[in-house]
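Below is one structure; the comments refer to it alone.
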């Protein structure tokens, strides 16, 4: 994709969508030319960033982030300039970056591991994107931070995070009872109803079972056939 091309990240045509789409194009251009090798991020962080921000994956990442920001702001029916936003379990995705560019009153980064916050700070500095604070830890840490600092986070958003939360009922209950937020907006492609993910998980299960059988008993592996797909 040519960095000079104007892309459509959102199909909606209202003022909010136009603003988000404009900033999404700017972010796309910035990330497309960012030389991650010239940063202080370690090898693991660089490898992760490259695998998620190169080629068509970059467009999809920003498109997903634009959609999350647009739909969540429409749901709370409050101007972005008066709203606060946190990317929960952000990693090195594009959601917190785009959120930092569209005009929210406050934007926060969160990830369970402190090193991801360090990575994010470096990238924000490189891209000249301002994030109000970087919070490390799980939902308890986010709730504690909000209460200690007496802040209300209008939107708690996440992309491809909920599948990593062991007890979703506990997560949502804590968030609801805390009273720190208006809306929790989560999206994920890792679910049973996504046929692509079902095939991917099936393939991983197939490989693990095949390797386990071959390593445990060569005689069995000679007559081994593919396993049945089991819905989980």
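What follows is calculated from the coordinates using simple rules that are stated; it is not laboratory data. Bear in mind the structure is a predicted one, so any value in this text is a computation, not a measurement. Cβ: placed from backbone, ideal geometry, glycine included. Neighbour counts: every protein chain shown.
Details
- Between residue 7 and residue 189, full extension at 0.36 nm per residue minus the direct alpha carbon distance yields a gain of 63.2 nm.
- Residue 43 versus residue 82: modelled label distance in nm, points set 7 Å from Cα along the beta carbon direction: 5.2 nm
- The stretch 70-125 shape via C-alpha gyration tensor axes, a/c threshold 1.5: prolate
- At full extension, residue 106 and residue 169 could sit 19.9 nm farther apart than now, given 0.36 nm per residue minus the alpha carbon distance.
- Listed from fewest to most Cβ neighbours within 10 Å, the set 6, 32 follows the order 6, 32.
- Extended-chain gain in nm, criterion 0.36 nm per residue less alpha-carbon gap, residue 176 and residue 33: 47.4 nm
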